Amino acid sequence: MAQTSSPQAAYQLPRAVHSVLTDIVPVGTKFWMAAGERGHILQSLDGQVWQQMPVPLQSNLNSIYFTDETHGWAVGHDASILYSGDGGASWQIQQYLPELDKPLFDIYFKDPQHGIAVGAYGMFYRTSDAGKTWVNEFHLELASEDDQQLLAELKETDPEGFAAEMSSVLPHFNRLYADGTTLYLVGEAGFFAKSQDFGLTWQRQAEFYNGSLFGITRTKALSLIAVGLRGHVFRSTDQGLSWQQITVPSPSTLNSVINDEQGRVYLLGNAGTLLFSDDDGQTFAAMNQQDGKAILNAVVIADQLVLATETGIKTIQLKESKAL
């Protein structure tokens with residue numbers, strides 16, 4: 001299929017720090033990077049002052065990841081993958097497929113050479129050469145048992161139908177999370193899977209929720225916390241074999257879950273939802289933001305919680321928040 005358009009460089013805007021930002025990450029101990037709408041990527045040396053970096057496309061970006069203080073990637077709409085080899089100062093396009101009309105939602109590298117990018121409708125790309133080439137993979141084991149059976153029948157009787165079904169049978173893959181040698185993948189309609197060989201093979205796990213999951217993390221006390229639609233929160237203390245639903249004081253969709261060095265767990269969601277737990281995710285209290293703007297992700301920098309929100313970067317003093 002021919003490419004339908006050429007990428008255009010992101011506009012350099014004085015108020016880019018106040019635009020929709022979807023992800024924020026620490027890069028080593030020296031700086032932080034954030035990414036968001038219209039190809040915006042920003043860098044900060046202190047978590048307070050942010051500078052927009054030049055980016056060669058305007059696609060909305062959903063995730064950014066650095067393996068070290070030099071090598072970084074970002075993914076987003078148009079199945080776009082960007083690469084930086086100079087600590088985020090400049091970016092090059094490794095993949096841009098607007099004709100697919102599908103977004104990539106997350107990216108993870110286990111080292112500067114080997115990475116995986118995932119997204120809508122089961123999109124799954126792998127690189128073994130730092131992104132010089134990205135190979136599309138289809139993992140049948142990530143489909144439901146019924147769909148696996150359907151695909152097996154179509155492969156024998158209807159090759160065209162088989163090819164069409166392959167492009168739609170898998171759910172949206174929303175988030176990758178690495179916990180040691182275990183790689184977790186969560187997504188649409190309660191999808192939950194894990195891999196012990198960096199995604200070469202997967203074990204789809206039993207569904208514990210029929211709505212979409214958008215985030216997962218391992219706490220400092222080694223529990224797993226997963227979050228999703230309409231304030232749904234789940235906790236596992238046995239490597240994801242069983243899950244307990246946790247009641248939280250908000251019905252808003254939760255976009256991400258993070259934790260800090262002290263073991264505090266933070267849930268970040270729509271409508272200004274910001275929840276925290278001091279007991280390893282067993283209970284949560286609210287310190288919701290009155291502006292009501294969606295919080296997409298966050299990082300803890302010293303005694304501050306720095307949020308990536310639909311109105312840009314926002315900073316909260318944690319010493320003050322503990323009293324809320």
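Points to keep in mind about this one:
- Among all residues of region 234-256, there is none that is modelled with pLDDT of 95 or more, touching a Gly at 6+ places or on another chain (Cβ under 6 Å), of a type in the set (Val, Ile, Thr) and not in a loop (DSSP other than H, G, I, E, B).
- Residue that is of a type outside the set (D, E, K, R), under 25 Å from residue 187 (Cα atoms) and open to solvent by 40 Å² or more (accessible area, probe 1.4 Å), where the choices are 71, 77: 77
- Region 64-165 holds strands (runs of 3 or more DSSP E) entirely within its bounds, and those carrying 1 or more residues that are in contact (Cβ under 8 Å) with a residue 12 or more places away in the chain and under 20 Å from residue 215 (Cα atoms) map to 72-76, 104-109, 115-119, 124-127.
- Test for residue 190: is it open to solvent by less than 30 Å² (accessible area, probe 1.4 Å), at positive phi and under 15 Å from the mean Cα position of the chain (by Cα): no
- Scanning region 53-68 for residues that are of a type in the set (Asp, Glu) and closer than 12 Å to residue 33 by Cβ yields a total of 0.
- Selection from region 197-254 of residues that are buried (at least 19 other Cβ atoms within 10 Å of the Cβ), under 15 Å from residue 184 (Cα atoms) and of a type in the set (A, V, I, L, M): 213, 216, 224, 225, 226, 227
- Residues of region 71-116 that are within 15 Å of residue 25 (Cβ to Cβ) and out of contact with any strand residue (DSSP E or B) (no Cβ under 6 Å at 6 or more places or on another chain): 71, 87.
- Any chance residue 323 is at pLDDT 95 or above and among the small types (Gly, Ala, Ser): no
- Conditions (1) loosely packed, with under 13 Cβ neighbours inside 10 Å; (2) under 20 Å from residue 110 (Cα atoms); (3) of a type in the set (A, V, I, L, M, F, W, C): number failed by residue 9: (2)
- The test for being surrounded by fewer than 18 Cβ atoms within 10 Å (Cβ to Cβ), modelled with pLDDT of 95 or more and in contact with a Ser or Thr (Cβ under 7 Å, 6 or more places away or on another chain) holds for residue 98.
- All conditions but one from (1) at pLDDT below 95; (2) more than 25 Å from residue 133 (Cα to Cα); (3) of a type in the set (A, V, I, L, M) apply to residue 2; the one that does not is (2).
- Taken over region 1-48, the criterion of being under 17 Å from residue 305 (Cβ atoms) and part of a loop (DSSP other than H, G, I, E, B) is satisfied by 46, 47, 48.
- Looking only at region 25-68, and only at residues there that are among the charged types (D, E, K, R) and on the phi < 0 side of the Ramachandran plot, the one that is most open to solvent (accessible area, probe 1.4 Å): 30
- Pair list, Cβ < 6 Å and 6+ apart or interchain, from region 296-317 residues that are at positive phi to residues that are among the polar types (S, T, N, Q): 312/19
- So residue 263, is it open to solvent by less than 50 Å² (accessible area, probe 1.4 Å), out of contact with any strand residue (DSSP E or B) (no Cβ under 7 Å at 6 or more places or on another chain) and either under 17 Å from residue 175 (Cβ atoms) or in a loop (DSSP other than H, G, I, E, B) (or both): yes
The values are calculated or read from the model by the stated rules, or taken from the named source; none is laboratory data. Every value quoted in this text rests on a predicted model; they were computed, and no experiment measured them. Using ideal geometry, Cβ is built from the backbone for each residue, glycine included, and neighbour counts are taken over all protein chains shown. Quick note on the areas: whole protein, heavy atoms, side chains included, nothing else; ligands and nucleic acids left out. Shrake-Rupley method; radii C 1.70, N 1.55, O 1.52, S 1.80 Å.
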